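Q: Sending over a structure as structure tokens; questions will come in a sec.
The values are calculated or read from the model by the stated rules, or taken from the named source; none is laboratory data. Being a predicted model, the structure only gives us computed values, none of them experimental. Cβ atoms come from the backbone with ideal geometry, glycine included; neighbour counts cover every protein chain shown.
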Amino acid sequence: MKRLAPLLATAGLIATTLSQLAVPQASADQPAPGYMSQKPAWHRCSAERPATYECATLKVPLDYERPQGPTIDLAISRVKSGNPTKRHGVMLINPGGPGTSGLYRPMRLSTEMPEDVRDRYDLIGFDPRGVGASSPITCGLDPTEKGTGGAYRPERFASDVAWARGIAAKCREKAGDVLPYITTRNTARDMDVIRAVLGERKISYLGYSYGTYLGTVYSQMFPQRTDRFVLDSGVDPHRIWRGMYQVWATSAGPAFERWTRWAAERSAEYGLGATPEAVSDTFWALVARADREPIDYFGQKLTGDDIRDPAVFYSPVEASTITRSLKAAAERAPLPTDAGVPDVKRLLAGGRGATGPAPDTAAAPAPGDAPAPEDAPEDVPADNGTAVYWSVVCGDTENWPRDPEQYARDAVQDKVKYPLYGDFASNIKPCAFWQPPLEAATPIRHPAKVLTVQNEWDPMTPLSSGQGLHRALKGSRMVVAKGGQGHGVYLIDGTSCADETVNTYLTTGRLPARDVTCRTPARDQEPKG
């Protein structure tokens, strides 16, 4: 793609004029833009999939300020309601990201939703702009460039800066004329185009993780179009996006302390210490040991940085199993016969994105799912997820320091305050060298009668982040699943106590009279006291 250098050079000058730009609305003397009235050519998505799973491709402006300019593809899918007498409307779905495909999700959800909910909606999936089948972008990154950064170490900070600068430069060189438009605000505009071409006055929505921020932005840009919205595992809109890295660090302490209590109560089983303090000492001794000399764990060389991942400690069983296995490996002792061989590299450290894993680099899956292999387009670049990820995370907001030394100072301070992850969270990212955003971040001003849903022990969008989303959206209600673990609630954990409230809201459109706190059976037994 050719670069539009003049456009990028003047981006800062035009940001304020575009900050509140939304999809043009038709008036009595101004017809709707052509892209709002196109007709989807629905067809069976593939011979291997049910005929009820249909796909279509729309055309949307790359730049909504220039509706007659270049267009990009927007791939959409649907599974229609099977009960027209109960049908309420359409429900758009986003499974998270940024950079994750959502095209396949309606088919999956159509088998998971309770029938009474399912009957009320045509389920609509879509690949967000730049993702998958929607004019996929690439930065030309090789596998070594597809992570999201590591721990701060003074001796290697210069190479970290070079890595971040190199990612930004490659993205600008490869797709500089498109990247400024791969943002959450433009994806929200695309959602409104989907609404219009489907002939709907309003849309309902189910968004997980990053999808909660996308839904929030839509509710602010198009409040009159917002119907029944469920925002599951919330991104605090006041923390985009550097603050979402940092919330992992600030929220890790309570999860770590909970784990030390849990493991101490089971010292006979795991052998990590008989008191919380002893369990903590065992873990930090392993970190120090691995910093001196990487632990050889069945051929995997693990450093202290590798095992300082706070996400693990949100599951006491997982954390205890991994720590016991690492301790045995460090002592060159045999593993207990019931321990198995946990893939520590898969479970630990590195490569997480601002609201979850970057899709093509991460250890753990985000809620929702990528397309099945037979549904994935053949020509999607290997770094597509990472390219979109940085485009959104860096292009949504100007709240990224431009001075590399600011990252170094913050990382040093935050490692002291939050030793598990503070230096990871605050270390330099490519956003330090990204082109200035074309628009300001979306202000949260409009009331939004939406339902937010949150597990108590979510490692990717911690409870404090979900609470921040709820506070920001005046008029919203929140469901907290006490004891709930993992990232993603509704239809993700089949035992979640939150599902009943979500089902009632999606069926009736009535929010709970007040916030709801319920208790989900914990997968790991709770610590005593």
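Q: Could you grab me the full set of residues in segment 176-217 that are small (Gly, Ala, Ser), under 23 Å from ALA32 (Cβ atoms) and in contact with a Lys or Arg (Cβ under 7 Å, 6 or more places away or on another chain)?
A: SER204
Q: Go through segment 106-134 and count every residue that is surrounded by fewer than 21 Cβ atoms within 10 Å (Cβ to Cβ) and within 26 Å of GLY176 (Cβ to Cβ).
A: So the answer is 0.
Q: Further question on the same structure: Kindly indicate whether any position in segment 411-419 is at pLDDT 95 or above and under 30 Å from GLU173 (Cβ atoms).
A: Yes, some residue in segment 411-419 is at pLDDT 95 or above and under 30 Å from GLU173 (Cβ atoms).
Q: Of the residues that make up segment 62-74, is at least one in a strand (DSSP E or B), touching a strand residue (DSSP E or B) at 6+ places or on another chain (Cβ under 8 Å) and without any contact (Cβ under 8 Å) to a residue 12 or more places away in the chain?
A: No, that holds for no residue.
Q: Then there's this: Would you check which residues across segment 174-206 are among the hydrophobic types (A, V, I, L, M, F, W, C), in contact with a strand residue (DSSP E or B) (Cβ under 9 Å, 6 or more places away or on another chain) and assigned to a loop (DSSP other than H, G, I, E, B) and list them?
A: VAL178, LEU198
Q: Please pick out the residue among THR187, THR138 that is within 30 Å of LYS429 (Cα to Cα) and surrounded by 22 or more Cβ atoms within 10 Å (Cβ to Cβ).
A: Result: THR187 is the single residue among THR187, THR138 that is within 30 Å of LYS429 (Cα to Cα) and surrounded by 22 or more Cβ atoms within 10 Å (Cβ to Cβ).
Q: Might you check whether a residue that is of a type in the set (Lys, Arg), in a helix (DSSP H, G or I) and closer than 15 Å to ALA411 by Cα occurs anywhere in segment 147-165?
A: Within segment 147-165, one or more residues are of a type in the set (Lys, Arg), in a helix (DSSP H, G or I) and closer than 15 Å to ALA411 by Cα.
Q: For segment 218-235, what are the residues that are in contact with a Ser or Thr (Cβ under 7 Å, 6 or more places away or on another chain) and surrounded by 24 or more Cβ atoms within 10 Å (Cβ to Cβ)?
A: Scanning segment 218-235 gives TYR218, SER219, ARG228, PHE229, LEU231, ASP232, SER233, GLY234, VAL235.
Q: Here is a further query. What's the number of the only condition in (1) β-branched (Val, Ile, Thr); (2) surrounded by 20 or more Cβ atoms within 10 Å (Cβ to Cβ); (3) in contact (Cβ under 8 Å) with a residue 40 or more places away in the chain that THR260 fails to meet?
A: It fails just one condition, (3).
Q: In segment 431-489, which residue that is of a type in the set (Asp, Glu) and farther than 13 Å from VAL516 by Cα is surrounded by the fewest Cβ atoms within 10 Å (Cβ to Cβ)?
A: If we take residues in segment 431-489 being of a type in the set (Asp, Glu) and farther than 13 Å from VAL516 by Cα, then GLU439 is surrounded by the fewest Cβ atoms within 10 Å (Cβ to Cβ).
Results for (1) aliphatic (A, V, I, L, M); (2) surrounded by 14 or more Cβ atoms within 10 Å (Cβ to Cβ); (3) modelled with pLDDT under 95, shown as yes or no for each residue.
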residue: LYS2; (1), (2), (3): no, no, yes
residue: ILE14; (1), (2), (3): yes, yes, yes
residue: ALA28; (1), (2), (3): yes, no, yes
residue: MET36; (1), (2), (3): yes, yes, no
residue: TYR53; (1), (2), (3): no, yes, no
residue: PRO61; (1), (2), (3): no, yes, no
residue: SER77; (1), (2), (3): no, yes, no
residue: THR85; (1), (2), (3): no, no, no
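Q: Sticking with this one: Among (1) surrounded by fewer than 17 Cβ atoms within 10 Å (Cβ to Cβ); (2) hydrophobic (A, V, I, L, M, F, W, C); (3) under 30 Å from SER315 (Cα atoms), where does TRP390 come up short?
A: The one condition TRP390 does not meet is (1).
Q: Report whether or not GLY350 is surrounded by 18 or more Cβ atoms within 10 Å (Cβ to Cβ), under 30 Å from GLY166 (Cβ atoms), at pLDDT 50 or above and within 23 Å of the chain's Cα centre (by Cα).
A: Considered against the rule, which asks whether it is surrounded by 18 or more Cβ atoms within 10 Å (Cβ to Cβ), under 30 Å from GLY166 (Cβ atoms), at pLDDT 50 or above and within 23 Å of the chain's Cα centre (by Cα), GLY350 comes out as no.
Q: Which residues, taken from segment 404-430, are closer than 16 Å to ALA252 by Cβ and small (Gly, Ala, Ser)?
A: Across segment 404-430, the qualifying residues are ALA411, GLY422, ALA425, SER426.
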